[in-house]
Amino acid sequence: MYFTDIPGQAELKSYLTSLVAKNRLPHAMLLTGGEGYGKLALALALSTYLQCPNKTDKDACKACPSCNKANQLIHPDIYYAYPVIKKDKLKREDTTSQHFLPEWRTFVTEQPYGNMKDWLRQLDAPDKNANINVAECNQIYKNLGLKTYEGAYKIQLIWYAELLGKEGNRLLKIIEEPRPDTVIILIAHDRSALLNTLISRCQIIPVPPVDDQAMQQLIESKYELSSEDTQELTFLAAGNIRKALSLGVQNELTYSEDLIKWLRVSYSGDPEAIVALVDELAPKGRQELVNFLDYGLHFFREYLLLLNTGTANNLRLTQTEKEVAQKMQKIINFDKTAQIQVVFEQALGYIKRNLALKVLIMNMTLEISHILKSEVDNFVS
């Protein structure tokens with residue numbers, strides 16, 4: 001992974017390379033931020049950059065043996081620790097990241113912006129709980145106690161560092177008193193789950209969402225979508241590359257049309273139309289319904305801004321969505337919006353509990369129908 005492979009984050013990339021150029025890189029860093037913002041990708045690119053003997057002021061050379069090895073995740077001076085599960089006949093307490101290196105290399109190559117669910121699916125263990133155990137911490141000590149083989153640094157990446165739990169205490173000494181030319185990069189989605197003693201010994205580097213321009217360029221380079229669908233996906237991704245890539249595989253986004261149709265049918269209260277809607281939405285599956293509900297929550301968050309400000313100019317919605325939102329003001333006020341949001345949020349929880357989709361969609365439709373009851377006779381056309 002190289003810095004130029006990562007969409008956006010220009011300011012952060014420049015900051016990291018300048019730290020290296022000025023020889024001011026901290027020996028322990030904590031990259032923290034939301035899902036899909038590129039924390040792991042940045043840590044990988046920084047590792048490659050540090051080891052490259054021919055680096056420029058912006059990136060590694062991409063041609064030397066060190067770059068090739070780092071890019072293939074086989075550099076002997078770059079180590080990886082990540083949450084794992086029990087493997088084969090090994091005891092769980094004896095299982096470490098080293099036992100899953102082939103799976104890790106495949107995962108990082110194919111999904112550098114993936115999350116824990118993606119990693120567990122890679123391991124064919126979607127229902128298991130992974131963590132970083134005592135044996136892993138001992139292995140980290142061993143890794144960083146060795147001399148470098150060929151690189152300028154000994155680098156240790158710890159992905160999902162919050163899953164260290166109390167075992168994070170075992171790393172305090174090596175983080176506080178590292179060997180020379182040692183760099184430890186912790187990557188955390190949930191900073192609050194890390195031990196304060198661990199956080200205090202690291203330089204915290206917040207990773208922001210990917211900006212809209214970079215996200216749009218990424219989407220345009222990967223998918224053949226209409227300009228309106230590209231804009232809708234950019235706004236819906238909200239800086240999350242993983243989400244953009246997940247949604248972008250669809251040939252056409254119909255979330256806005258589906259949402260308005262759902263609201264219109266719910267408002268009408270027509271039993272036949274409601275049954276037809278349920279039959280249409282249920283076969284799309286759980287993940288697609290989750291994506292749709294996420295879109296609905298995104299839409300109503302922006303709609304609340306419209307109600308608050310009275311203008312649609314700064315809404316993160318497409319022009320068509322803005323026009324629909326402006327018409328909706330005749331029907332849906334603050335209270336109704338808040339109630340609909342609760343219905344959507346509760347539905348996301350029910351999906352995780354494997355509630356039957358037809359039952360869930362029918363119940364949601366009836367709840368929304370009740371919320372929308374009004375004396376106004378015209379709805380969005």
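Of all lysines in the structure, the ones whose alpha carbon falls short of 26 Å from that of K330, not counting any fewer than 8 places away in one chain, are K261, K322, K373. The trypsin sites (Lys or Arg not before Pro) found in region 63-171 that occupy coil by DSSP, while having at most 15 further C-beta atoms within 10 Å, are K86, K89, K91, K128, K147. Helices in the chain that qualify as membrane-span-like (whole DSSP H runs, Cα extent of at least 24 Å along the helix axis, mean Kyte-Doolittle hydropathy of -0.5 or higher) are 286-309, 334-352. Using Kirkwood radius over Cα pairs in Å as the read-out, say which of (i) 21.3; (ii) 22.0; (iii) 23.2 was calculated from these coordinates. So the structure-derived entry is (iii).
Over 31 Å apart at the Cα level, from the set K87/K173; K55/K166; K58/K86, are K55/K166; K58/K86. The slack in the chain from E228 to D279, taken as 0.36 nm per residue of separation less the alpha-carbon distance, amounts to 15.6 nm.
Taking the Cα centroid of region 198-229 and of region 337-364, what is the distance between the two, rounded to the nearest whole Å? Comparing the Cα centres of region 198-229 and region 337-364, I get a distance of 29 Å.
Quick check for you: which residues of region 320-346 have the amide N under 15 Å from the point 7 Å beyond the Cα of K373 toward its beta carbon? 336, by backbone N distance to the label point. Using only side-chain charges placed at the Cβ, +1 for Lys and Arg and -1 for Asp and Glu, the dipole size of region 151-290 relative to its Cα centre rounds to 1140 debye. Within region 254-372, all pairs of alpha-carbon atoms sorted by distance into 5 Å bins from zero give the percentages 2, 11, 23, 25, 20, 12, 6, 1. With a Förster radius of 56 Å applied to the C-beta separation of V342 and N54, the computed FRET efficiency comes to 0.50.
Return the FRET efficiency for the residue pair S192, K330: r is the Cβ-Cβ distance, R0 is 51 Å, and the value is rounded to the nearest 0.05.
The pair S192/K330 has a calculated efficiency of 0.75.
Here the convex hull built on the C-alpha positions of region 3-206 has a volume of 114 cubic angstrom per residue. The distance between label points at N131 and V359 comes to 3.3 nm (points 7 Å beyond Cα on the Cα→Cβ vector). Shown here for region 76-172: chymotrypsin sites (Phe, Trp or Tyr not before Pro) in loop regions (DSSP other than H, G, I, E, B) with at most 11 other Cβ atoms within 10 Å, namely Y149.
The label-point distance for Y350 and C61, in a model that sets each label 7 Å from Cα toward Cβ, rounds to 6.1 nm.
Placing +1 on the Cβ of every Lys and Arg and -1 on the Cβ of every Asp and Glu, with no other charges, gives the chain a dipole of roughly 1700 debye about its Cα centre.
Each label point was placed 7 Å from the Cα along the Cα-to-Cβ direction; for E257 and T309 their separation is 2.9 nm.
Could you state the number of Å between the C-alpha centres of region 130-164 and region 269-324? Comparing the Cα centres of region 269-324 and region 130-164, I get a distance of 45 Å. In percent, rounded to a whole number, the relative contact order of region 177-256 is 27, using alpha-carbon pairs under 8 Å and six or more apart. Once the Cβ-Cβ distance of D212 and K89 is raised to the sixth power relative to R0 = 41 Å, the FRET efficiency obtained is 0.25. Annotation note: trypsin sites (Lys or Arg not before Pro) in region 288-355 located in DSSP loop regions with a Cβ neighbour count of at most 15 within 10 Å are K330, R353.
Computed from the coordinates by the stated procedures, all read-outs in this text should not be read as laboratory data. This one's a predicted model, so the numbers in the text were calculated from it and none came from an experiment. Please note: Cβ atoms are built from the backbone with ideal geometry, for glycine as well, and neighbour counts cover all protein chains shown.
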